[in-house]
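See structure below.
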């Protein structure tokens, strides 16, 4: 049981109202999101020469005459359809354009990607890192298709620095229309006066001007200085270090001391990842959430310090432990899920990241670890995914180490696509499972209880002290056929679409049982899994969706009950409609979010600021879907610890 806490003196309504209003005003003053937008080709990566080669390969494959390289260079910065239409002298919907785009994309994979790291302009990697450490959010607005841009940034070793990527196929009107820049601002809840666009063509500068954004023209790319100056950029830069100086001098000061304060908390190595046995130290998750919500750094530090002194469970966090062994490539697999020597796991992944770089380290080790994402009640996944969200290296090292340390396998290898469910959408799949539970509630409840009661299962002794973690581990270890009858959308659908639909579904489940502690974790873990999937090569991202879908079914089955399909259908009818979309420009909703943030900051239970952070991010991402605003106000409470916690931890 939790030890009793000393109760606070209740506040009067007027005192609470005054306090919240003061917090909102302070938050408005402190919450400045500074955004740097970059073009890709000719700005971050010296790809114009390679692009000319790729066009030449495409024209040769089409049996068409080669084009003058100067004419090809003049199209760089335009979407591919426009470029081929212009070079071929045909409309964009001509079949030759379609063939040209396909041939170019194949040449892109064979000509440009293998050379990507060598094509990064001098000073770019270091400059982006400096900007990010200075609290500037880094984004890319490109005329490339999203997948191609993602692949190029990944191959160049820059993808993990970029928070938002907008390609030509992400918008209705690509550059020079302002839509790409405005979409970035919308996703980040940022203002035009707090952003700078950097590009090497007039298309970039015209987009910035139309969006009301300051611009930096770089002279080392495609268009000449005379062409660039004719487009009236705010600044002109000769080198990327000059670009960095211009950005930092132009954007409003969001408080470098505050940024350092937040980074210091995320970089801190004072405390162990768990306390009182297997309870996760969530304080860095709260720091990421509060910083993302625009809370003043000093207030975040106070929240952090209060948590480490006395968690909501009534005990403090524990000091870090020294490593007791050395983990290498030849023995790391043997230690997965053994809950042994977290510090040694950190040393291993820290060393490998320094040798390989973050993108390559993640691509190398994540595929083996994804299946264990439910471990530690999904907090290892949250730790890593939220570290990638915030761009903090050490927290990411801790996160992948925790995934290895606390791995609980959801066994995606058992999953097989079921032909009978080929036409299903994610919502159909969830309702099918809910109906199956309603029709077989008694038998399924008995099956779960038998699995949970099985003392022969290979479960770490420490997890036996935990009600929830033990149930999940045993359920996934045994497995149920319905968990692994996989619908086709899991593997075949665009992963971004799957994440959006899954976010809606887990939020729907949460509203069916508002405040449910376990269901809240599924929402915050999905936010993390999305960032983790983005760190994988594009062809592997559906595996993350499969692991997530398989894992959440295991978690839901482990509870021994399921939301009733009638209730889910009724809630869906309320929220899956054009009427259930808020106008994101309406100040009423901005004020409501301010109040939700103010409430969350006052909550000792750190899952509540995390809830608000994730729900607000989804609200913005989906253009104001009301379900996320409604769910954000459904706070949870710290659960009582089971009687098994009276036994000492098993390390």
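Some values worked out for this structure:
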{"quantity": "Point-to-point label distance, residue 130-residue 579, nm (Cα→Cβ direction, 7 Å offset)", "calculated": "5.5 nm"}
{"quantity": "Angle in degrees between helix 297-309 and the longest Cα principal axis of the chain, rounded to the nearest 10", "calculated": "30 degrees"}
{"quantity": "Mean separation of Cα contacts under 8 Å, 6 or more apart, over the residue count of the chain: relative contact order %", "calculated": "14 percent"}
{"quantity": "Pairwise centroid distance, computed over Cα atoms, of segment 333-410 with segment 152-187, Å", "calculated": "28 Å"}
{"quantity": "Average Cα contact separation per residue, segment 412-632, under 8 Å, 6 or more apart, as relative contact order %", "calculated": "26 percent"}
{"quantity": "For 581, 243, 218, order by how many other beta-carbon atoms lie within 10 Å, fewest first", "calculated": "581, 243, 218"}
{"quantity": "Relative packing of 112-123, 369-380, 615-626, which averages over residues the other C-beta atoms within 10 Å, highest first", "calculated": "369-380, 615-626, 112-123"}
{"quantity": "For the chain, calculated [θ]222 nm from helices alone, where every DSSP H run of n ≥ 4 adds -39500 (n - 2.57)", "calculated": "-17000 deg cm²/dmol"}
{"quantity": "Computed lengthening from residue 604 to residue 458, 0.36 nm per intervening residue step minus Cα-Cα distance", "calculated": "49.0 nm"}
{"quantity": "Most to least packed among 330-340, 428-438, 527-537 [average Cβ atoms within 10 Å]", "calculated": "527-537, 428-438, 330-340"}
{"quantity": "Residues listed by number, segment 323-343, amide nitrogen under 12 Å from residue 355 label point at 7 Å toward C-beta", "calculated": "327-332"}
{"quantity": "Net lengthening on full extension, residue 245/residue 330 (0.36 nm per residue, minus Cα-Cα)", "calculated": "26.1 nm"}
{"quantity": "Sequence of 576, 242 once ranked by neighbouring C-beta atoms within 10 Å, starting from the fewest", "calculated": "576, 242"}
{"quantity": "Ordering of 286-296, 86-96 by packing [mean C-beta count within 10 Å, highest first]", "calculated": "286-296, 86-96"}
{"quantity": "Gain on full stretching of the segment that runs from residue 590 to residue 488 - 0.36 nm per residue minus C-alpha separation", "calculated": "32.9 nm"}
{"quantity": "Simple spin-label estimate for residue 102 and residue 264 in nanometres, 7 Å along Cα-Cβ", "calculated": "5.9 nm"}
{"quantity": "Label point distance in nm, residue 62-residue 229, each placed 7 Å from Cα along Cα→Cβ", "calculated": "3.6 nm"}
{"quantity": "Share, in percent, of DSSP beta bridges within the chain that are antiparallel, nearest 5", "calculated": "15 percent"}
{"quantity": "Segment 47-77 residues near the modelled residue 94 label - backbone nitrogen below 13 Å, point 7 Å along Cα→Cβ", "calculated": "64-65"}
{"quantity": "Rounded to 10°, Cα long-axis angle of helix 379-390 versus longest principal axis of the chain", "calculated": "30 degrees"}
{"quantity": "Acute angle (nearest 10 degrees) that the helix 13-30 long axis makes with the longest principal axis of the chain, alpha-carbon atoms", "calculated": "30 degrees"}
{"quantity": "Neighbour-count order for 589, 386, fewest beta carbons within 10 angstrom listed first", "calculated": "589, 386"}
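Each value in this text was obtained by applying a stated rule to the coordinates, not by laboratory testing. Every value quoted in this text rests on a predicted model; they were computed, and no experiment measured them. As a convention, Cβ positions derive from the backbone with ideal geometry for all residues, glycine included, and neighbour counts pool all protein chains shown.
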